[in-house]
1. Among 179, 121, which comes first, second and so on when ranked by fewest other beta-carbon atoms within 10 Å?
2. So what is Rg over Rh here for segment 178-273, counting just Cα atoms and using Kirkwood for Rh?
3. Answer with a single label: of [x] 7, 31, 39, 20, 3, 0; [y] 6, 27, 34, 22, 8, 1, 0, 0; [z] 6, 21, 20, 17, 17, 12, 6, 1, 0, which was calculated as P(r) over Cα pairs in 10 Å bins from 0, in percent from the structure in view?
4. Cα axis of helix 193-213 to longest principal axis of the chain: angle in degrees, 0 to 90, nearest 10?
5. Find the centroid of the Cα atoms in segment 203-255 and in segment 1-68, then give the distance between the two in whole Å.
6. Averaging sequence separations of C-alpha pairs under 8 Å and six or more residues apart, then dividing by the length of the chain, give the relative contact order as a whole percent.
7. Rounded, prolate or oblate, given the Cα gyration tensor of segment 117-173, with a/c below 1.5 counting as rounded?
8. Once a ≥ b ≥ c are taken as the square roots of the eigenvalues of the Cα gyration tensor of segment 2-94, is the result rounded (a/c under 1.5), prolate (a/b larger than b/c) or oblate (a/b not larger than b/c)?
């Protein structure tokens, strides 16, 4: 049985094609990997997979790319370029009564799960890095405005809130209520990567302009921050991103605790071996 899995894995990698970091496989080359000998039967499986793709909310044309029909001896020659996800759907729509196909389904399901875990991990990493960068930007802008007219912690808190109110077109309290975020928690801990980077960009522009234009006094500092937040919101809206409609993400404090626990378990495992 392990020989079957090894065959599937090797064959699947052997037929891989890449273009601009995108990964594809030929349907004609995938056919024998899944133990189909006739294109007619395999094309039925592809049709079922395309329907499954559509029902799952994805665009089939982004995963099943039809190649120009060729003619061989008078017969049309169909062909598709398939993404990894398309290959998974084809395997899942195959005849599971055949032992080889059942193993192929298990293999593709496990590979898809691994990919999902990897992508989630990368998304968490990106959010954690963006959150850390935003914290540094907050510290930098706090130091900048402190020397120019915003001295008290409450004044800086109000200054930061102006950015939120402008970027999201609503108050901090209303936004937290909309996203079910506790009042005592920072909004940024529940932000998506794009929100974190947008806030960081606002601070970067504001810090630059304050120093470049030698802006002073609380009202003028706040006006500069608001202007940059407005510009950022306008850019996001132009790209069909409405900040206040973005859903809250998993609490980054929970992500950090999970990472700490994982490191502890890894450390304990390494010390036991």
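Throughout, read-outs are computed from the coordinates displayed, never taken from laboratory work. Note that the coordinates shown come from a computational prediction; the quantities given were computed from them, not determined experimentally. Cβ placement follows ideal geometry from the backbone for every residue including glycine, while neighbour counts extend to all protein chains displayed.
1. Details: 179 15, 121 11.
Fewest to most other Cβ atoms nearby, the residues stand as 121, 179.
2. 1.17
3. [z]
4. The angle comes out near 40 degrees.
5. 45
6. On the way: 244 pairs, mean separation 40.3, N = 273.
The value is 15 percent.
7. On the way: a/c = 4.00, a/b = 1.79, b/c = 2.23.
The shape class here is oblate.
8. Rounded.
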